[in-house]
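Report on the following structure.
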Amino acid sequence: MTDAGIPPTPPRLLPDAVHKAVGPGTALLRLETTRSRQGVLDGAWWPRSRNVELEVPPLVTVLTEHLGPITRVGLDASAWNDIPPRLLVDGRVVHLDSFPVADDTVLITRGDHDHFALMVVPPDTTPEAARAAMARAVHADNVTRAAEILLAELPHPTAPSAGTVLENEEGPGQRPGPSSESG
């Protein structure tokens, strides 16, 4: 119970099917709720795809509602498909920058010099892992970089056990092609 005698509101968690249930144009986003901005990250974003033209406009729209006009978005070039130099979002031009940094973040610029760093949760992440990673990213005292959070929170592919054959007739790392045998 709080001092006012009102029970605290339980934290609202993302339901398991949220990533599939939200419609196009909806951004799944968590922002740090303190004004201190002492953590490494200011929030976390869970896009549904790597399509910039589908995913970035809803993010800019919702951030504009909370932060004011967004002028620039910096994206990791290796993580996104076909990054245009700019997008028109809600009648405003938003410039897009791309950098080959592979750091699992998106940088948001408000005005000329005010930057916000958001961790980007990969689109194919399970809801449980996305919830955990996003919650960790928005802790006010977080000093862990996005890549480290994602490594710690996301499931890792299991390594093949000893003695497992990973090769096929075409050799290591090759996919079998169409059969060259005729009926």
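Quick check: net charge around VAL93, other residues with Cβ under 11 Å of its Cβ, Lys/Arg +1 and Asp/Glu -1?
That sum, taken over residues with Cβ under 11 Å, equals +2.
Karplus couplings for the stretch 120-128 from phi (6.51 cos²θ - 1.76 cosθ + 1.60, θ = phi - 60°), rounded to Hz, Gly and Pro as x?
9, 7, x, x, 8, 5, 5, x, 4
Assuming 0.36 nm per residue, please report the length gained on full extension of the stretch VAL143 to ALA77 beyond their Cα-Cα distance.
Once the chain is fully extended between VAL143 and ALA77, it gains 21.3 nm.
Taking the Cα centroid of the stretch 118-153 and of the stretch 49-84, what is the distance between the two, rounded to the nearest whole Å?
First find each Cα centre; the distance between them is then 18 Å.
List every residue whose amide H lies under 5 Å from the amide H of SER98, counting only residues 5 or more places away in sequence or on a different chain, with H placed 1.01 Å from N in the peptide plane.
Excluding prolines and chain starts, which carry no amide H, the hits are LEU75.
Sequence-distant or interchain residues sharing an amide H contact under 5 Å with VAL121, placed H: which?
TRP45, TRP46
Every read-out reported here was derived from the displayed coordinates using simple, explicitly stated rules and does not represent laboratory data. Bear in mind that the values here come from a model prediction, so they are computed numbers and not experimental data. A quick note on method: Cβ atoms are made from the backbone with ideal geometry, for glycine too, and the neighbour counts reach across all protein chains shown.
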